[in-house]
Amino acid sequence: MVATALFYIFAAIATAGAIMVVAQRNPVYSALYLVLTLFALAGEYVLLMAHFIAIVHVAVYAGAIVVLFLFVIMLLNVRLEERAPDAFRYMIYAGLPMAAILFVEMGYFAFRGFQQAMVQGTRVGLVESIGRALFSQYVLPFEVASILLLVAMIGALYLSKRKLEIVAFKRPRSKKERLKVMMYEEEH
Amino acid sequence: MNVNLTGADFLGILPIIILSGFGVVLMVLSVFSQRFHRMTIPYLGVVGIILALISNFFLIGKDYLAFQNMVRVDWLTVAFNFIFLVTAGLSLLLTTSYSEQEHIEFIEFTPLLLFSTVGMMLMGSAQNLMMIFLGLETMSIALYVMAGFRRNHRESLEAALKYFLLGAFATGFLLYGIALIYGVVGSTSFTAIAQYLNKNALSPDLLFLVGTGLLIVGFGFKVALVPFHMWTPDVYQGSPMPVTAYMAVGAKAAGFAAIVRFFTLSAAQIAYQWVDVLWILAVLTMTVGNVLALVQKDIKRMLAYSSIAHAGYLLVGIVADNDLTVPAVMFYLVAYLLMNLGAFAIALIVSGNQERRTRIEYFKGLAETQPMLALAMAICMVSLAGFPPTIGFMGKFYLFSAALYSGYVWLAIIGVINSLISVYYYIGVVVAMYMHKPVDERRIEQVVPGVGLVVLVAVVGIFIFGIFPGSLAGLFG
């Protein structure tokens, strides 16, 4: 009972959020409503016993991707309440029928096909079972992924380092040379 | 699920563990050590590679699956590890003088190269598409960065960006293919794929075939097969010379490791489906590579197109798909390693400060100023062209006889015609060295010990395995 009630609450929030994403004029608000929608969807995943996907959903979509959206919006410095160009005004005549078709299509299949596909009581999506799989069956790929991320990190650091260093090639032989290298290092 | 990891599991990836450990330690060392001591880091990297090579000997004669069927430890693993480690070691020796030549600090270079080699070794021993993907990405991401290591040069950054964007695109194909195959088989393990194909050899699911095709695109990009080769010349030209050498040999060998592991060993049941595709790709790759190499004026671009052509020759062995395939491909990979690293090492010496002298005309008169170097280059070129008694000839002989053994007469004929075309541009370098006056008479190329050692290893290897091919071919069965 509670689950069903929660399902409808989350569904309502997600739908309302999605509508607001499109309806808002200010792109920053749109992005923030997108976060709301994604959170509501994550709630639905929890109800489906897919805890891991719920967490990843929040972390990746709400956390990383929307932040990226916001960055781009702010970097591009989009003016508040940017008016849609005139060319887009006629798109509504194409867009509405398309949306209606998509809605009917998805509704049809949702009522016809996916009802049996509801899986009850499975433990596949739990954090625990995914953790177990990661540390038993997939322990080697898991560890290799850490090397992969390390490589990507070193690479990003090297390529974004501001200044190229010039090497002091020879080992300094005398005091004077050592002083020279030290001064060089201080300068840079 | 309970899981028991035994010592055998860890022994199977011991070279990988050693190399990753060295990579991490060297990275930390390079940050905290004094400036002058950083010069020693490439040498420490070579020490790590030698240790990994020694640990590789413990795997000889073993044949088992490790880490829940993720990794296969067999003679092929040992052979591929050997190829990757030697490539990495020799390329690292090339960089010892390079930072001086280029005035860039190569601190992060050694760890990146070691990690990249780890990725290659994972591909060579993978028994699961997921391992192939992770290995390929580890190798590639390190290579993207290494290609852009001359950050003060536009062409190097261009190479890095091109390689990265196109590489990411190709990885998308590979992942799509893996996803489709997983969808059909229900597992990414090669064992499960082979079982599935045993049951459905005559009518595999269409999605499986589409997935296999996407894998061809993904691997074909890495080894530069012809419709997917566009990045090669620009990336090879823009990358630092040691990286070009490493990329040309290592990445190609790793790509072929994946192809052998998946197509030859796991998907052999549906060979009738993919052989024709690879036949066409082999012919295209050989022909386009060789014909375009004819007009190149830059030694790096010339070697880039030549490497495309060599991928075509290797593909001939894969197409043959018989008992000779794996030994012939392995033999040719060793041959390709020796002659290409030798050629790149000499090109590195000739290119001089800041790699300004990469055009072939700078080889003019090398026989007068540096006769030994010219002789070594001539040997490498002759071997690349495939003349006896060099290893290049024996390698091609094995590949084409594998093709003939399976009845691909036309493929072998096209291969031989292509070898004849390639003679023109390889001998062009020799002609420039021996029959022309030097451009700058006073200039004498300096050979530093590390690079000289690479040239020596290459030349000795080319002759020893060219005259006694049995000593090497015997190892591959």
key: A:Arg112 versus A:Val60: modelled label distance in nm, points set 7 Å from Cα along the beta carbon direction   = 3.1
query = Over the stretch B:7-476, what is the relative contact order in whole percent, taking alpha-carbon pairs under 8 Å and six or more residues apart?
reply = 14
Per-residue mean of C-beta atoms belonging to partner chains within 10 Å, peptide A:132-141 = 6
request  = Provide Rg and Dmax in Å for the stretch B:170-279, with only Cα atoms included in the calculation.
outcome  = 15.3, 49
message = Could you tell me the calculated FRET efficiency between B:Val431 and B:Leu456, based on Cβ-Cβ distance and R0 = 30 angstrom, to the nearest 0.05?
response = 0.80
remark   = For chain B, the longest principal axis of the Cα atoms and the Cα long axis of helix B:41-57 enclose an angle in degrees, to the nearest 10, of 40
Largest-first ordering by accessible area, 1.4 Å probe, given options A:Phe109, B:Phe106, B:Phe57 = B:Phe57, A:Phe109, B:Phe106
query = Across peptide B:134-145, what mean number of C-beta atoms from other chains lies inside 10 Å of a residue's C-beta?
reply = 5
key: Area of B:Thr287 that stays accessible when all protein chains are in place (1.4 Å probe, Å², to 10)   = 50
ask   = Taking 0.36 nm per intervening residue step and subtracting the Cα-Cα distance, what contour gain separates B:Glu361 from B:Trp410 on full extension?
value = 14.0 nm
key: Accessible area, probe 1.4 Å, largest first, for residues B:Thr369, B:Thr6   = B:Thr6, B:Thr369
request  = Only residues of the stretch B:1-27 count here: report those whose backbone N is under 17 Å from the spot 7 Å along Cα→Cβ of A:Phe135, or say none.
outcome  = B:1-6
remark   = Stretched fully, the stretch from B:Lys199 through B:Asn4 gains (0.36 nm per residue minus C-alpha distance, one decimal, in nm) 67.2 nm
query = Where a ≥ b ≥ c are the square roots of the eigenvalues of the C-alpha gyration tensor, would you call chain B rounded, which needs a/c under 1.5, or, failing that, prolate if a/b is larger than b/c, or oblate?
reply = oblate
task = Working from Cα positions, state the angle (0 to 90°, nearest 10) between the long axis of helix B:75-95 and the longest principal axis of chain B.
result = 30
inquiry  = I'd like the accessible area for B:Ser91, computed on protein heavy atoms only with a 1.4 Å probe and all protein chains in place. Round to 10 Å², please.
reply    = 0
message = If I model a spin label at A:Val22 and B:Tyr64 as a point 7 Å from the Cα along the Cα→Cβ vector, what separation in nanometres do I get?
response = 6.0
query = Taking each residue of B:428-437 in turn, how many C-beta atoms of other protein chains fall within 10 Å of its C-beta, and what is the average?
reply = 0
request  = Describe numerically, in nm with one decimal, the distance between label points set 7 Å from Cα along Cα→Cβ at B:Leu165 and at A:Ile92.
outcome  = 3.8
inquiry  = Given the whole protein assembly as supplied and a 1.4 Å probe, what does the accessible area of A:Met91 come to in Å², nearest 10?
reply    = 120
key: Globularity ratio of the protein assembly as shown, using Cα Rg and 2.2 N^0.38 Å   = 1.07
task = Provide the packing ranking of B:402-409, A:125-132, B:308-315, i.e. peptides ordered by the mean count of other C-beta atoms within 10 Å per residue, highest first.
result = B:308-315, B:402-409, A:125-132
query = Quick one: buried accessible area between B and A, total over both chains, 1.4 angstrom probe, nearest 100 Å²?
reply = 3400
key: Solvent-accessible ranking of B:Ile17, B:Ile360, largest area first, probe 1.4 Å   = B:Ile17, B:Ile360
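The values are calculated or read from the model by the stated rules, or taken from the named source; none is laboratory data. Here the structure is a predicted model, which is why all the values come from computation and not from measurement. No Cβ is skipped: glycine too gets one built from the backbone with ideal geometry, and neighbour counts run over all protein chains shown. To get the accessible areas, we keep the full protein, side chains included, count just its heavy atoms, and leave off ligands, DNA and RNA. Shrake-Rupley method; radii C 1.70, N 1.55, O 1.52, S 1.80 Å.
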